[in-house]
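Presented below is the structure to which this report refers.
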Amino acid sequence: MKAILVPVEQHTGPAIFHTALTVARTFDSYIEGIASGPSFPDVIVTDVGMLASFDPDVRRASAQTARQRFEAWMTTHSVPPPL
């Protein structure tokens with residue numbers, strides 16, 4: 001079995017999940033959600049409001065929220081969790 005890795009962010013829409021599900025069903029794969037966000041080398045902070053996204057507690061909460069969104073979508077669409 002192969003995994004389809006889906007980056008789950010605050011703005012990840014249902015189209016991404018539907019596309020991943022279609023690909024997974026086509027290739028007999030399963031879907032895994034990966035919470036993603038900016039990392040220090042990839043970001044130049046130009047807005048003070050963005051600094052909060054580097055706080056470990058905020059990043060942890062964002063990852064938890066992303067996981068909950070992903071699991072809720074999977075449950076709604078009757079997709080079983082990977083074995």
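The values are calculated or read from the model by the stated rules, or taken from the named source; none is laboratory data. Computed from a predicted structure; not experimentally measured. All Cβ positions, glycine included, derive from the backbone under ideal geometry; neighbour counts span all protein chains shown.
For Ala52, the criteria (1) assigned to a helix (DSSP H, G or I); (2) modelled with pLDDT of 80 or more hold in every case but one, which is (2).
Of the residues in segment 22-29, at least one is over 16 Å from Thr65 (Cβ atoms), at pLDDT 80 or above, touching a Ser or Thr at 6+ places or on another chain (Cβ under 9 Å) and of a type outside the set (Asp, Glu). Can you tell me which residue within segment 58-79, out of those that are assigned to a loop (DSSP other than H, G, I, E, B) and in contact (Cβ under 8 Å) with a residue 12 or more places away in the chain, is surrounded by the most Cβ atoms within 10 Å (Cβ to Cβ)? Out of the qualifying residues, it is Val79. Listed by first and then second residue, the pairs linking a residue in segment 30-42 that is closer than 30 Å to Thr75 by Cα to a residue that is in a loop (DSSP other than H, G, I, E, B) and modelled with pLDDT of 65 or more, with Cβ atoms under 7 Å apart and 6 or more places separating them unless they lie on different chains, are Tyr30/Met1; Tyr30/Pro82; Ile31/Val79; Glu32/Pro82; Ser36/Glu9; Gly37/Glu9.
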